Amino acid sequence: MHELSLVADLFTIIEQQANLAGAKKVTKVVVSVGELSGVVPELFRSAFLSYKKRTIADKARLQLKMVKIKFKCRSCGQEITARNIRDESFSYVCPACGSKDMELVAGRDLYLEKLEIEI
Amino acid sequence: MEQKKKELLVLEDILGSNKKIAGEIKKKLEKHGILAVNLLSAPGSGKTSLLEKIGLKLKDNYRLGVIEGDIETERDADRIRKIGLPAWQITTHGACHLEARMLAKIFDQIPADLNFLFIENVGNLVCPASFDLGEGLRSVLLSVPEGDDKPKKYPEAFLTSQVLVLTKCDLLPYLPFDTDRVIKEALEINPHLKVFKTSATTGEGLDELCAFLEEELKQRLSQHA
Ligand SMILES: Nc1nc2c(ncn2[C@@H]2O[C@H](COP(=O)(O)OP(=O)(O)OP(=O)(O)O)[C@@H](O)[C@H]2O)c(=O)[nH]1
Ligand SMILES: [Mg+2]
Ligand SMILES: [Zn+2]
């Protein structure tokens, strides 16, 4: 439940980038959300909606791109994408070589990917 | 006048400001040879009780400090001060986790000659896992009354920790808690976890945990020397 403080950080980046590009308005914001980033998409969206008022992005649409959790096997290099890590059937064992030494390579991050601006 | 639309590729990490500050804290800690241990768990799993007990064991031979993260009150910091250790309380006023910038604000008060700096995070098994504090070790606590199904339900904390401390093991005779299952499932998520079975009430497992911490400190000091 810390989406509001994340959205505040997001807007700091949006305003910096928009200023640098000489934007008059930001019309779309694309954020990629790792499934393990701890972010609840609905809460992030509502925090965004209340925060955007009176900013350069007051009319902007928010697009959230969910990023799946991905592990890489440290033994053989095989990558596996997890459907849902909380799924009972989810296995942390490498399907190729049986090693249990899997490294998390995607799914923890929260990125501002793209902005659509009017200049 | 016609508006011109343009797409701007940004690729900026929204957690980046926390990571940057955490990185600065980590550098300072390493420079001073301080091993910081971030303790994560659900509310009431026994973080403060564990710190009281291992604090008493370590304090004769090491310089210790404790940062207490809570939503409100100085209660946990007061408990630590009672056993004669310096404690700094961070009250987050609603925030469900500690962030590196909160630590940075009080960092000047922390003596540079500490050996161990324990950081008790806000009681919450989910959110603190997303915020690096620059710690050298992250440890997740799971108490016997919480149940043996927790690692798979809250994988973030187990994935990002190096140490798992099972707490309140004195209650094992009274509760249906399958220790082997917990350890098996936790290691499936993170095979590098070092596991300790402890009780702050009986003292079980605390010597092993302290010996591990002392060894970690020694190794890091020789690495950064
Ligand atoms: N039986 C038993 N009870 C314990 C043990 N350790 C702690 N407790 C009890 O568990 C309760 C919570 O302990 P705390 O140490 O305050 O837990 P905490 O994780 O610091 O709690 P928060 O800071 O509020 O998240 C207290 O009533 C303790 O007495 C233990 O080893 N065995
Ligand atoms: Mg406590
Ligand atoms: Zn493999």
In debye to the nearest 20, the charge dipole size for the protein assembly as shown, taken about the Cα centre with +1 at each Lys and Arg Cβ and -1 at each Asp and Glu Cβ, equals 1080
Once both axes come from the Cα atoms, what is the angle between helix B:47-58 and the longest principal axis of chain B, in degrees from 0 to 90, rounded to 10? 60
For peptide B:10-21, how many partner chain Cβ atoms fall within 10 Å of a residue's Cβ, on average? 6
Per-residue mean of other chain beta-carbon atoms within 10 angstrom of the beta-carbon, peptide A:111-118? 5
With Cα coordinates, the longest principal axis of chain A makes an angle with the long axis of helix A:3-20, in degrees rounded to 10, of 60
Charges only on Cβ, +1 for Lys and Arg, -1 for Asp and Glu: so what's the dipole of chain A about the Cα centre, in debye to the nearest 20? 340
Using a 1.4 Å probe, what is the accessible area per residue for chain B, in Å²? 46
Tilt of helix B:16-32 relative to the longest C-alpha principal axis of chain B, in degrees (0 to 90, nearest 10)? 50
Alpha carbons only, please: Rg and Dmax for the stretch B:25-223, in angstrom. 15.8, 46
Heavy-atom accessible area per residue of chain A, all protein chains kept, 1.4 Å probe, expressed in Å², is 50
Dipole in debye (nearest 20) - the stretch B:10-161, about Cα centre, beta carbon charges: Lys, Arg +1; Asp, Glu -1: 360
Within 10 Å, at most 15 other Cβ atoms, and a DSSP state outside H, G, I, E, B define an exposed site. Report the longest part of chain A free of exposed trypsin sites (Lys or Arg not before Pro). A:87-119
If you average the alpha carbon positions of the stretch A:1-55 and of the stretch B:140-180, how far apart do those two centres end up, in angstrom? 35
What does the buried accessible surface come to for A and B, summed over both chains, with the probe at 1.4 Å? Round to 100 Å². 3400
Carbon and sulfur atoms account, in whole percent of the 1.4 Å probe accessible area of the stretch B:96-225, for 51
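The values are calculated or read from the model by the stated rules, or taken from the named source; none is laboratory data. These figures come from a predicted structure and were not determined experimentally. Positions of Cβ are backbone-derived with ideal geometry, glycine not excepted, and every protein chain shown enters the neighbour counts. Heads up: the accessible areas ignore ligands, DNA and RNA and are worked out on the full protein's heavy atoms, side chains in. Shrake-Rupley method; radii C 1.70, N 1.55, O 1.52, S 1.80 Å.
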